[in-house]
Each structure stands twice: as C-alpha cells, then as structure tokens.
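A.B. asks: Have a look at this one.
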Amino acid sequence: MPLPSYPPDLAGEWSLLHRRVRSTFTSSQRRGPVPGAAAPAGPDGGGARRTMALPEEGAPAGVRDVRALGAVGDGRADDTGALQTALDRAREDGGGVVWVPGGTYSVQAPPLRVHANTRIVLAPDAVVRRDGEGTLLTNGDPGQESPGHAGHGRILLEGGVWDGNGLRIPAHDSVLSFGHALGITVRDTVIRDVPGHHAVELDAVRCARILDVRFEGFTDAGGARSLSEAVRLGMSGPGSGFDESGPHDYTPCSDVVLSGCSFGASQTPGSGPWPRGIGSRGATPGRSHGDIRILGCHFESCSAEAVHACAWDRLTVQGNTFLDCAGGVSVVSVADAEEDDTARLGGGDPTGHPRPLSDVVVTGNVLTGTGGLPAVRCAGHPGGPVRNVTVTGNTVSGTGGTGFLLESTEDAVVDANVLSGVGGTGVHVRGGGGLRVSGNRISGAAAYGIRASDRTNGLSVTGNGVDSRDSGLSVTGTCRNLVRHGNDLRGSGGLDDASPDPVTDPGDLV
C-alpha cells in the first residue's frame, strides 16, 4: 500500500538513513530474541543491550540524533527532555528525522509530542519506555483546535520497541495516540505491555498504515478494561477517550490498513494477551469509519472478539489467522437503543434511528479454537441492517459456539467455507433477507448445521454438505421465501423446514 508522501527536501537524507537502519533490521526483530541468547540483566532490569549508533561520518543533515541532544539511554536517567528536544527541532525545521540509537530511554514525564512531517526511527535494539503516568507519545499540542484531519499528520514511526511498562506504571493510558491527522504510519516495531488502554489509538485519522507491528502484552489493573483494543478507531467525540488535542467534532477514521501484524502476550510475567486486536465502540448518527483493510495478521488468545467493527463501512478482513480467541470477526451496526450511539451531534436527545452499514468482505481467513463467541458475526438491527456482506473461503475449526451468525443482515453471500468441530450451529441466519448460503462444508456441528429463524425473508440454501447432531437444515415457520435444493444432509439429524411454500426445484425462478 502506498505510504503518505513527505517533503522532497527530506527524501535524500531519509533514503540514506533508511538504508542504514533497515540493513540491521533483520527478521529476528520480528521473531524476538533467539532462545538462550539473552544477555545478563542490566541495572534497569531489562537485560544488557548492544549499543548501536549511526556510522562514524555522523547523521545526515536534518537528522536529529537524540544522543547528541543529551539522551543517555541507560534505562535510569530521565530522557524525556532530550527526546522532546529532538522532536521540537524537527518541528522548527518544518519536519525531519529523529534517530534513536540502541539503548533504553526512560520517559518519566510523558507524553512526548510529535508534529507534522516527522519520522521517528528507532534502532532495532532501542526501547522507548513509559516510566510515568500518561500517554507515551501523541501528535500535536494541548489545546490546539484543528478540526477534521487538519492536525499534525504525515508522521512515520519505525523500528525498535515502545514499552508501555504497564506492570510498573499501571495507570490506564495508551502508548501511541494520534488524532485529527492525515497520514499516520507505524511499522516494523514492537509495542509492549500496554496498561489498560490502547497500543495505537487513531481518532479522526485518515490514511493510517499499521504495518508489521508486534502487539505484545496487555495489563489491566483493577480489571475494568476487558474489551480494550490494541488498535482503536475513534471519532473524537465527547467521551471518546482522546483528549490530547483537537476539538470533539465526531470526525471518523477512513482509509486504514492493518497488515502483517501480530497480537498476543509478551514474555513479561504478569502481562497477558489483548482482549481485542482492533476495533471501536460507539458511534454517531450519519457517521461511520470507512475503508478499513485487515490483511495477513495473526491474532492469538484474545479474550473477546479479535476484530470488533462497530459502525464500519467498506471493511475487508482477508488472509488472517485467529488462534484460541474468544471470537473472530464481529461487525456491529449502531442500535437505536444505545443512547451513546444515537445522540445528536453536539448533544441533545437520542435520535432513535439506527445506523445501517454496508460492504463487508471476510475471506480467506483461518479461525482455530474460538471460544463461545461466533467465528464471524454480522449484527445488524431492524432498520439498521448490515448490507452487502460476503463471507467466503474461510476455514473454521474447533469453535465453542456458533460458526457464522448473521443478524438483520441483507444481501449477503456465505459461500465455500469449511467449518468443522463447531460447538453450536454452523451457520445461523436471524432476520434480514436476500441471503445465499451455498457450497459450504459443515462437519461435527453440536447443534444445527444451518438454521434460519426470526422472520428471515428471502434465503437460498443450496449445495451444502452438513454433518450435525441436530437438523442439518432447520427453518422456522416465521421465515418466508426460502429456496433450498442440492444439500447433502445425510450426516445430520435431517431436514426440519417449517416455512410456508419453500421452493425446492433447482430450475430457474422467474
């Protein structure tokens, strides 16, 4: 995916620095330390680290080396001032590169503040550690009023480790928090042990790229943050949790790519895996996040849904793996019963109108060992359905609950999926209409193979092979306009169709 462009006067100097840094950034940075190769613990308790610096000829013009500005990097001295000085120098020059050599940099008075047109590059053995309460790094200044996406953007962070240090500093804060920006990229880095909030918070951000990031470890002192997301999308409304800069103007996020990332626990004793990998909660009438792509990521041991897309339009979830998560992918429209979701812009009484969503693709994913939540769920509401949904080519095994659950979903295709060892119903359609369930293989379902209920109107069930304890195909009497034929139900409890006048002829319908 293309990255945001940067000022041409930085292109040459960045190219030189980038080649030097990337030449040392091997695959071991992504995999973590080689077993048995850990250095003895240093005075900071984090282990001795090889010091790394730019070559002897020094940093190219326009690159701010934090060591040259007074940073110590020993894990004990407070490096907040030196790091901020480097960021401020870049701002004064209209942008630039901040270079962080190897070492552990203690930030005892967060947040660090980064401004437009800045690239922060950490050496592979560099750690920026949160040693005080507050967000570790954010964009912009307190009190600035830059609406929409007009705040400080065109920012890139790369390399090293950003350590939330959640066990030692347990106050609930995010590590990286960005708002009201155009162009945010975080790549090839590790974000570790986040205390309660988020690893990367995006509020009112357009064109965000989160690439090849390892999200390792989450802590929750007090147990009040059981649904926190590693990557959170917000609209910068009142109560959104983003108060670092900019107005509360309900600007959604758009054009967001999450690619090649992994989500799981860290090696820190007492730290656990993430509740959710990426998601959001709450929305506003007439506003939704849009154009979100989640590609080739790995989610492991999430205690809730790994992906929770609340009020997201034009969502693609493709080629990911989910291992031992409580749930896989959940797409949720705004409910009219949720006052926080349907209040008028700027306050006032709830509108009472739900918010429909559209254009969702979930394809080519592997979901193994999900818990009691569905592997894939599309949860619309009467008057606020999820429309234009494709769930195809996914492999699901060993789930504790329903495989695929579609509620108030319209114009949807569930096709060519393989589901085995499902702890509940393989595919359950509740309400909605204009749906097709075809060519799926469902084996070992503990309840129904395929079930339709709750006034589903317009459903085609064709060419599926089902092995289930209860009926292979179950349709309640409230459903209408059912077409079914060519399904192999011989390994199930048979057919239970109570719908009026189903069409069972495989010929053309005119």
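The values are calculated or read from the model by the stated rules, or taken from the named source; none is laboratory data. Computed from a predicted structure; not experimentally measured. Neighbour counts run over all protein chains shown; Cβ positions are idealised from the backbone, glycine included. Just so you know, the surface numbers come from the protein's heavy atoms only, side chains and all, with ligands and any DNA or RNA stripped out. Shrake-Rupley method; radii C 1.70, N 1.55, O 1.52, S 1.80 Å.
A.B. asks: Which one is farthest from the chain's Cα centre (by Cα) among residues in region 447-462 that are in a loop (DSSP other than H, G, I, E, B) and surrounded by fewer than 17 Cβ atoms within 10 Å (Cβ to Cβ)?
C.D. replies: 455
A.B. asks: Here's something else I'd like to know. Give the residues of region 97-143 that are within 22 Å of residue 194 (Cβ to Cβ) and of a type in the set (Asp, Glu), sorted by residue number.
C.D. replies: 125, 131, 133
A.B. asks: Name the residues in region 76-87 that are farther than 18 Å from residue 177 by Cα and either without any contact (Cβ under 8 Å) to a residue 40 or more places away in the chain or in a helix (DSSP H, G or I) (or both), would you?
C.D. replies: Just the residues of region 76-87 that are farther than 18 Å from residue 177 by Cα, to begin with: 76-79, 81-82, 85-86.
Those that are farther than 18 Å from residue 177 by Cα and either without any contact (Cβ under 8 Å) to a residue 40 or more places away in the chain or in a helix (DSSP H, G or I) (or both): 76, 77, 79, 81, 82, 85, 86.
A.B. asks: Something else now. Inspect region 409-426 for any residue being closer than 19 Å to residue 377 by Cβ, in contact with a Pro (Cβ under 8 Å, 6 or more places away or on another chain) and either at pLDDT below 95 or open to solvent by less than 10 Å² (accessible area, probe 1.4 Å) (or both) and give the result as yes or no.
C.D. replies: There is at least one residue in region 409-426 that is closer than 19 Å to residue 377 by Cβ, in contact with a Pro (Cβ under 8 Å, 6 or more places away or on another chain) and either at pLDDT below 95 or open to solvent by less than 10 Å² (accessible area, probe 1.4 Å) (or both).
A.B. asks: Residue 376: closer than 19 Å to residue 256 by Cβ, aliphatic (A, V, I, L, M) and at pLDDT 95 or above, yes or no?
C.D. replies: In short, no.
A.B. asks: Restricting to region 249-269, name every residue that is open to solvent by less than 40 Å² (accessible area, probe 1.4 Å) and among the β-branched types (Val, Ile, Thr).
C.D. replies: 251, 256, 257
A.B. asks: Output the number of residues of region 374-430 satisfying the condition of being touching a strand residue (DSSP E or B) at 6+ places or on another chain (Cβ under 7 Å), of a type outside the set (Gly, Ala, Ser) and assigned to a loop (DSSP other than H, G, I, E, B).
C.D. replies: Looking only at that region, the number is 7.
A.B. asks: Can I ask one more? On the given criteria, is residue 167 of a type outside the set (Gly, Ala, Ser), farther than 12 Å from residue 113 by Cβ and over 22 Å from the mean Cα position of the chain (by Cα)?
C.D. replies: In short, yes.
A.B. asks: Please tell me if residue 499 is touching a Phe, Trp or Tyr at 6+ places or on another chain (Cβ under 6 Å) and open to solvent by less than 40 Å² (accessible area, probe 1.4 Å).
C.D. replies: It is false that residue 499 is touching a Phe, Trp or Tyr at 6+ places or on another chain (Cβ under 6 Å) and open to solvent by less than 40 Å² (accessible area, probe 1.4 Å).
A.B. asks: Search region 69-95 for residues being more than 14 Å from residue 107 (Cβ to Cβ) and charged (D, E, K, R), and hand back the single one that is most open to solvent (accessible area, probe 1.4 Å).
C.D. replies: Of everything passing the filter in region 69-95, 92 is most open to solvent (accessible area, probe 1.4 Å).
A.B. asks: On the basis of being modelled with pLDDT of 90 or more, open to solvent by less than 20 Å² (accessible area, probe 1.4 Å) and either closer than 30 Å to residue 145 by Cβ or not in a strand (DSSP E or B) (or both), does residue 232 make the cut?
C.D. replies: Here the answer is no, as residue 232 does not meet what is asked.
A.B. asks: A follow-up question, please. Please list, ordered by first then second residue, the pairs with beta carbon atoms under 8 Å, 6 or more apart or interchain, first in region 240-254 and at pLDDT 85 or above, second acidic (Asp, Glu) and open to solvent by 30 Å² or more (accessible area, probe 1.4 Å).
C.D. replies: Here the result reads 254/291, each pair linking region 240-254 to a residue that is acidic (Asp, Glu) and open to solvent by 30 Å² or more (accessible area, probe 1.4 Å).
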